[in-house]
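A quick write-up on the structure given underneath.
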Amino acid sequence: MTRLVLRPTVLLAIALLCLHLAGPSPLFAQPAAPAAQPVPAASLPRVHFVATGGTISNRDGGRLTAEDLAKSMPGVDRYARLTVEQFANVASSELTLKQWLGLAKRINDLYATEKDLAGVVVTSGTDTLEETAFFLHLTVKDPRPVVVVGSMRNPSTLGYEGAANLLEGVRVAADPAARNKGALVVLNDEINSARNVTKTDALRLQTFRSREYGQLGVVDRDRVVFFSQITQRTNERVEFDLSKVTELPRVDVIMVYQGAPGDLIKAAVDSGAKGIVMAVAGAGATSGTQQEGLAYAAEKGVFIVNSTRAGSGRIAPPRGDVPAAAMANATEAQRRRRQFSVAGEDHTPVKARVLLMLALTRTNDRNEIQRIFSEY
Ligand code: GLU
């Protein structure tokens with residue numbers, strides 16, 4: 001009797017052939033994804049949604065309410081338990097500074113009293129969204145996030161992206177990785193820091209950009225991803241306490257342009273401005289008769305913050321040694337100018353205005369204001 005002796009290599013070849021004939025080889029298959037398990041609702045993070053209005057709710061024939069917006073997000077209950085609140089329902093530029101104070105106080109109160117809350121989402125119109133978001137960035141003192149969301153197309157427009165942006169905002173607010181990053185702005189799948197973001201296009205969906213700093217992260221199909229962190233003071237490290245503030249000091253922004261008249265600066269001072277942000281040309285130039293206006297402001301004790309109108313770039317504080325030497329021969333008027341002048345660092349003029357309003361709720365000391373500009 002002939003015995004069939006099969007060598008191990010032949011056996012292996014036969015086995016592989018059988019597996020191949022049997023269909024896709026389990027030897028090379030990816031591990032199967034675990035079947036999606038429904039998350040028990042009670043264990044989902046809770047997100048509170050505060051609606052203030054804006055294009056995201058500006059439907060023809062009647063604005064969407066907070067409830068309507070909450071219902072517009074299919075599948076939101078996979079990510080969070082949502083509670084909703086209608087704070088306002090107006091265009092962003094119609095929100096008053098009193099409402100800003102109220103909104104920041106409301107969110108601070110929510111965080112102080114509702115320990116089970118994971119995050120807050122605020123809807124806003126996009127036109128001045130960056131100012132509202134930066135105000136909340138500087139005034140909500142809690143590690144948990146405030147996520148500001150809007151949309152560029154209204155609910156009556158084909159391609160309305162509001163519900164998608166809002167759902168992404170809820171996902172970010174529910175994510176523990178969003179803590180201690182200050183206020184965040186989420187639109188168009190991107191997460192930007194409220195400190196750096198600015199609206200760069202009047203109409204396009206990809207309008208919110210963080211200039212040369214770039215986005216902090218993205219909201220993708222599978223998860224929220226952060227790539228970077230901002231280094232300035234945020235969250236519990238912010239020092240502005242609104243509990244006793246009932247009104248923000250008036251601060252105006254005045255643009256530098258060729259041949260600009262200084263009497264606009266005088267008018268702002270005479271109208272009660274406690275501070276003025278000069279949107280300077282380049283790294284600090286003024287024009288026309290603006291120097292006369294600035295001398296008048298200094299005489300009246302009004303702080304001037306220089307912030308570039310260039311869109312990006314930093315205005316550095318003067319070096320300590322140079323002014324000291326220069327000051328020896330300075331006139332009284334020059335000394336006074338120096339005493340009331342602050343470098344706006346890399347803040348855009350509208351953001352510098354928000355920071356100066358808050359700084360003036362704390363101090364009238366020029367060096368303190370400069371420190372604040374250097375730390376936020
Ligand atoms: N684009 C406007 C804004 O920034 C919204 C218009 C509206 O809501 O009426 O608020």
Condition check for residue 304: hydrophobic (A, V, I, L, M, F, W, C), modelled with pLDDT of 95 or more and within 23 Å of the chain's Cα centre (by Cα): no
Determine, yes or no, whether residue 221 is within 23 Å of residue 367 (Cβ to Cβ) and of a type in the set (D, E, K, R). no
The stretch 66-97 - residue that is more than 13 Å from the ligand (Cβ to nearest atom) and polar (S, T, N, Q) and, of those, nearest to residue 122 (Cα to Cα): 86
Filtered residues of the stretch 145-169 (kept if farther than 16 Å from residue 52 by Cβ and surrounded by 24 or more Cβ atoms within 10 Å (Cβ to Cβ)): 145, 152, 168
For the stretch 98-135, which positions are within 16 Å of the ligand (Cβ to nearest atom) and within 18 Å of residue 355 (Cα to Cα)? 99, 100, 103, 128, 129, 130, 131, 132, 133, 134, 135
Considering each of 372, 304 in turn, give the residue that is surrounded by 17 or more Cβ atoms within 10 Å (Cβ to Cβ), among the hydrophobic types (A, V, I, L, M, F, W, C) and touching a Gly at 6+ places or on another chain (Cβ under 9 Å). 304
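Can you confirm whether residue 180 is surrounded by 24 or more Cβ atoms within 10 Å (Cβ to Cβ) and either β-branched (Val, Ile, Thr) or under 24 Å from residue 103 (Cβ atoms) (or both)?
Taking the combined requirement at face value, the residue does not satisfy it.
Here is a list: 362, 353. Which entry is under 27 Å from the mean Cα position of the chain (by Cα) and surrounded by fewer than 16 Cβ atoms within 10 Å (Cβ to Cβ)?
From the options 362, 353, the qualifying one is 362.
Of the residues 253, 245, only one is part of a strand (DSSP E or B) and within 29 Å of the chain's Cα centre (by Cα); which?
On inspection, the qualifying residue turns out to be 253.
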Given the conditions (1) without any contact (Cβ under 8 Å) to a residue 24 or more places away in the chain; (2) surrounded by 14 or more Cβ atoms within 10 Å (Cβ to Cβ), and given that residue 96 satisfies all but one, which numbered condition is not satisfied? (2)
Kindly indicate the residue of the stretch 139-169 that is touching a residue at least 60 places away in the same chain (Cβ under 8 Å) and polar (S, T, N, Q) and also farthest from the ligand (Cβ to nearest atom) among those meeting that condition. 139
Could you tell me whether the stretch 215-234 includes any residue that is closer than 21 Å to residue 101 by Cα and assigned to a loop (DSSP other than H, G, I, E, B)? yes
Would you mind stating whether residue 195 is of a type outside the set (A, V, I, L, M), surrounded by fewer than 24 Cβ atoms within 10 Å (Cβ to Cβ) and assigned to a loop (DSSP other than H, G, I, E, B)? no
Kindly indicate which of 289, 246 is of a type in the set (S, T, N, Q), in contact (Cβ under 8 Å) with a residue 12 or more places away in the chain and closer than 27 Å to residue 140 by Cβ. 246
Taking interchain pairs and intrachain pairs at least six residues apart, which have beta carbon atoms under 8 angstrom, with the first residue in the stretch 250-262 and free of Cβ contacts under 8 Å to residues at least 60 places away in the same chain and the second assigned to a strand (DSSP E or B) and surrounded by fewer than 15 Cβ atoms within 10 Å (Cβ to Cβ)? 256/285
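The values are calculated or read from the model by the stated rules, or taken from the named source; none is laboratory data. What you see is a predicted model; the values in this text were computed from it and never measured. Here Cβ is always computed from backbone atoms with ideal geometry, including for glycine, and neighbour counts include all displayed protein chains.
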